[in-house]
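What follows is a set of notes on a single structure, which appears directly below.
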Amino acid sequence: MEELTYGALSLIPPMAAIILAIWKRQVLLSLLAGIWAGSTIINGWNPVAGLLETFSGYIVDKSLADSWNIGIIVFLLAVGGMIGMIGKMGGTKAIAEAIAAKAKDVRSTQLATALMGIAIFFDDYANSIIVGNTMRPITDKQKISREKLSYIVDSAAAPVSSMAPISTWIAMELSLIAAGMADVGIAGNTMVVFFQTIPYRFYSLLALVLLFTLVLRKKDYGPMLKAEIRARKTGQVNREGANPMITDDASLLPEEGVKGSIWGVILPISIFIIVTFVGLWYNGHEPGKTLRDSIGDSDASVVLTWAAFISSIAAAVQGIVGKKFSLAKAIEAWVNGAKSMFMAVIILTLAFALKAVISEMGLAEWLVEIIPFTEGGFFVIILPSLIFLTAMFVAFSTGTSWGTNSILMPIVIPVAANASMATGQVTPLMLACMGSVLTGAVFGDHCSPISDTTILSSSASGADHLDHVTTQAPYAATAAVVALILGTIPAGFGISPWISLALGAAVIILFVKFFGKEIDGDGNLIP
């Protein structure tokens, strides 16, 4: 079938997905509606034919039948399985307990919690559940409010997992970047581009700077300060009348009596890293090629799948040999871990299908024709900021970073490529725009009361959910304002992201110094 351009009609699928997501806050339904809308238009406005083609044509043929797409999905399931076995042999719990053992006072306890969030980088769900449940009794002993605990848990989960090269997030991010680059005819290694977007994720990085600045300086402000004063003065870690949420996920924890070791995490993750780097060279290697060219020409989806399965096998062997579980329990743990990725797999599958619809309707080509981009123009300068705010709004309204990334990235990459006059290569403006989507979605998630990770953080920490949202929002807004003023706006002018990050970190440190308040062990303000 010859590819057609449907003009303004090509906006209908992504807009239908965005509007329905904001209205009903159901990302699966929204993505499906977007696919159906586009399929109906392509099939001569026949809704029945469009519905049938939605399932057989786009979801099956153009999403699941694509080798890259199915490779990413299999990788995601395999990583989930590996995480399931690592948790079952007690690896993640051992790391958590090792860090928690260093907690002796308020500051060291909060620092241990934050560092634990960094250490469990491979999945934000596992991060929230393990850190919240492990540290809750320790922070209670130090009279640290549950609001503060849930903030630390939440702020060290998605920002870290979304930037980690070994995590459940990378499958989604790599697939969206690869699809967007293919749409605009840019060939390149998506893993390299992924790393290049990290300095442009201003909110995620500055949110971590704010978190550690608050912890190390023992300061707070806004509603969080009031919560901390209450906890220190009265010992009430939750406010009177609060409805704390408690969630313990046994599938991520070892069996009773099993004593885990940090090697239960170090060994499988190390094998994952080694297989990934060697595999990237091996997959793209040909006689006469340099190491860089070999890695650049490799298929990341294939290599990551190798790494996930080989490290899963290593985790299974380690657990069985170490008598942490039996073969049957190893398989059960792997399957349970893979099951935990089910929602992510569904979102990715529908995102792939929506991308296929948008591509077939020629949205990128139409946008290139109708948007009057000029190099150095005002629109180009504010483009990263507009994208950051849009991603924040969609994520806040829908409660999902993954859905936001899946909806926006297919639109943003073609627009950014045309705005930056890209000619077969990824430009700094494109990197800034991709980074703005990925980090704006995290910001929206942090402020959204319907976000799954926000709910999980308050649940695992035993905090009242709305108390968690209202005390965290001012902190998230602080990092976001600095990210916008000193990050995305300068990026539109072409200023190095490293300069922006340095200035942003300095501003946050000074802000906490002058506006944060320290309290003593009895809850009294220290002048």
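Coordinate-derived values only; no laboratory data. Everything numeric in this text was worked out from a predicted model, so none of it was measured. A quick note on method: Cβ atoms are made from the backbone with ideal geometry, for glycine too, and the neighbour counts reach across all protein chains shown.
Note down the nm distance, to one decimal, between modelled labels 7 Å out along Cα→Cβ at Ile22 and at Phe515.
Result for the modelled spin labels: 2.7 nm.
Taking the 0 to 90 degree range and rounding to the nearest ten, how far is the long axis of helix 263-284 tilted relative to the main principal axis of the chain, both from C-alpha atoms?
That helix lies at roughly 20 degrees to the long axis.
Return, ordered by residue number, the residues of segment 502-527 whose backbone nitrogen is under 19 Å from a label point located 7 Å along Cα→Cβ of Lys104.
Zone members listed by number: 521.
Taking only Cα atoms, what is the 0 to 90° angle, nearest 10, from helix 91-100's long axis to the longest principal axis of the chain?
On a 0 to 90 degree scale, this one is about 50.
Please list, by residue number, every one of the trypsin sites (Lys or Arg not before Pro) in segment 272-342 that is coil in DSSP and has at most 15 other beta-carbon atoms within 10 Å. Present the calculation step by step, with values, prior to reporting the outcome.
Working: sites: Lys289, Arg292, Lys323, Lys324, Lys329, Lys339; in loops: Lys289, Lys323, Lys324.
Those satisfying the criteria are Lys289, Lys323.
So what's the angle, to the nearest 10 degrees on a 0 to 90 scale, between helix 342-361 and the longest Cα principal axis of the chain?
It works out to around 30 degrees.
Per residue, how big is the convex hull of the chain when only Cα atoms are used? Give it in Å³.
Numbers: hull volume 78.5 nm³, N = 527.
Taking the convex hull of the Cα positions in the chain, it is 149 Å³ per residue.
Taking every eigenvalue of the Cα gyration tensor of segment 15-170, multiplying by 5 and rooting it, what semi-axes result, largest first, whole Å?
Values: eigenvalues 366, 71, 20 Å².
In descending order, the three semi-axes are 43, 19, 10 Å.
What FRET efficiency would be calculated for the residue pair Leu11, Phe393, taking the C-beta separation as r and a Förster radius of 25 Å, to the nearest 0.05?
Details: r = 17 Å, r/R0 = 0.70.
Computed FRET efficiency for Leu11 and Phe393 comes out at 0.90.
What residues from segment 175-189 fall in the zone where the backbone N is under 13 Å from a label point 7 Å along the Cα-to-C-beta line of Gln425?
Label zone hits: 187-188.
Please get the size of the charge dipole for the chain, origin at its Cα centre, with Cβ charges of +1 on Lys and Arg and -1 on Asp and Glu, quoted in debye to the nearest 20.
Value, rounded to 20: 2000 debye.
Past 26 Å, Cα to Cα, is the threshold; run Lys24/Lys148; Lys148/Lys329; Lys104/Lys513; Lys102/Lys218 against it and keep the listed order.
Over 26 Å Cα-Cα: Lys24/Lys148; Lys148/Lys329.
Over the Cα atoms of segment 475-527, each weighted equally, I'd like the Debye log10 I(q)/I(0) at q = 0.18 Å⁻¹, rounded to two decimals.
Rounded to two decimals, the profile gives -0.63.
Given labels modelled 7 Å from the Cα in the Cβ direction, how far is it in nm from Val192 to Ile499?
2.5
Could you work out [θ]222 nm for the chain from helices alone, using -39500 (n - 2.57) per DSSP H run of at least four and dividing by all its residues? Round to the nearest 500 deg cm²/dmol.
Counting only the DSSP helices, I get -22500 deg cm²/dmol.
Output the peptides 7-16, 409-418 sorted from most to least packed, where packing is the average of other Cβ atoms within 10 Å over each peptide's residues.
409-418, 7-16
Using the basic label-point model (7 angstrom from Cα toward the beta carbon), what is the Lys141 to Phe379 distance in nanometres?
Output for this residue pair reads 6.0 nm.
Filter Lys62/Lys339; Lys143/Lys324; Lys141/Lys259 down to the pairs with a C-alpha to C-alpha distance above 26 Å, please. Before the final figure, lay out each step's value.
Numbers: Lys62/Lys339 24 Å; Lys143/Lys324 35 Å; Lys141/Lys259 24 Å.
Listed pairs above 26 Å: Lys143/Lys324.
Report, largest value first, the span of the C-alpha coordinates of segment 24-109 along each principal axis, in whole Å.
Computed over the Cα atoms, the extents are 68, 30, 17 Å.
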